[in-house]
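To start, the structure itself, in structure tokens.
The values are calculated or read from the model by the stated rules, or taken from the named source; none is laboratory data. Source: prediction; values computed, not measured. Glycine gets a Cβ as well: all are built from the backbone with ideal geometry, and neighbour counts include every protein chain shown. Side chains are part of the model used for accessible areas, which takes the heavy atoms of the whole protein and leaves out ligands, DNA and RNA. Shrake-Rupley method; radii C 1.70, N 1.55, O 1.52, S 1.80 Å.
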Amino acid sequence: MSLRTAQRASLVDQVIDQLKEQITSGSWPMNGKIPTETVLAEQLGVGRNTVREAVRALTHAGLLECRQGDGTYVRATSELSGAMLRRLRQAEQLEILEVRRALEVESARLAATRRTDEDITRIEAALAERERAWDLDDPDYFVEADLAFHMAVAHATHNLVLIDLYEDFSAALRASITAAGTSLNKSYIPHDAIARAIAAGDATAAERAGHACMEHILIALTDSGS
């Protein structure tokens, strides 16, 4: 997605809108470094002060993070995500996991009643990728694969609010999954029961399987902290 030369009226607002579009569209990926102030000013046809003010506004909103001497990075994909990330930085892992449990158990239950054949295919593919990541013993890869599985389940609910909330929660979930992996001391938690229940359209079994997985993680985290 290419940037357009800004019109003269409300320059800062126009630049903010265009930078946000780069973020929300994925043209600038999460945790990726954005172009320099000079490059952006040239692409947009505005002064560097205008770009600086727009970047400052998006940093205040939590979408960008300026790192002294390094550059500016994408930290969130929406104002809600940015606000949530700031709040969750102050939260305990147990609190985050309790919220995660509520989201994932309900996602599994709803997915079982609303999933399509395409949803089932995506969930099964994500499950296989998760298992492959575990076999490769690559922690970073596994965190992303685990999150992708749960995102596939969330999308199968076809509840747009829940999907948006889960996506906005993803940054904190990455930290949560990483912490859980450390607490579990390399104990693998299978998710195939969740996938099977959703494919079978069994909402009760899906809810039970999702709850069992999260309880396993919560107990491990509690034990590691005692």
Looking at 183, 176, 226, which one is modelled with pLDDT under 85, of a type in the set (Gly, Ala, Ser) and within 17 Å of residue 105 (Cβ to Cβ)? 176
Considering only residues that are of a type in the set (A, V, I, L, M, F, W, C) and touching a helix residue (DSSP H, G or I) at 6+ places or on another chain (Cβ under 7 Å), which ones fall in region 97-127? 97, 103, 105, 108, 111, 112, 120, 123, 126, 127
Quick one: how many residues across region 77-92 are of a type outside the set (A, V, I, L, M), within 16 Å of the chain's Cα centre (by Cα) and farther than 17 Å from residue 22 by Cα? 3
Could you tell me which of the residues 126, 112, 133, 108 is open to solvent by less than 60 Å² (accessible area, probe 1.4 Å), part of a helix (DSSP H, G or I), among the small types (Gly, Ala, Ser) and over 17 Å from residue 210 (Cα atoms)? 133
Just to be sure I understand the filter: pairs with C-beta atoms under 6 Å, separated by 6 or more residues or on different chains, first member in region 73-91 and of a type in the set (Ser, Thr, Tyr), second member surrounded by fewer than 17 Cβ atoms within 10 Å (Cβ to Cβ) and not in a loop (DSSP other than H, G, I, E, B). Which pairs pass? 73/33; 77/24
Extreme residue, surrounded by the most Cβ atoms within 10 Å (Cβ to Cβ), among residues of region 93-105 that are farther than 20 Å from residue 202 by Cα and in contact (Cβ under 8 Å) with a residue 60 or more places away in the chain: 97
Regarding region 47-54, can at least one residue be identified that is closer than 19 Å to residue 85 by Cβ, without any contact (Cβ under 8 Å) to a residue 12 or more places away in the chain and of a type outside the set (A, V, I, L, M)? no
If you check every pair at least six apart or on different chains, which have Cβ atoms under 6 Å apart with a residue in region 146-159 that is open to solvent by 30 Å² or more (accessible area, probe 1.4 Å) first and a residue that is of a type in the set (Ser, Thr, Tyr) second? none
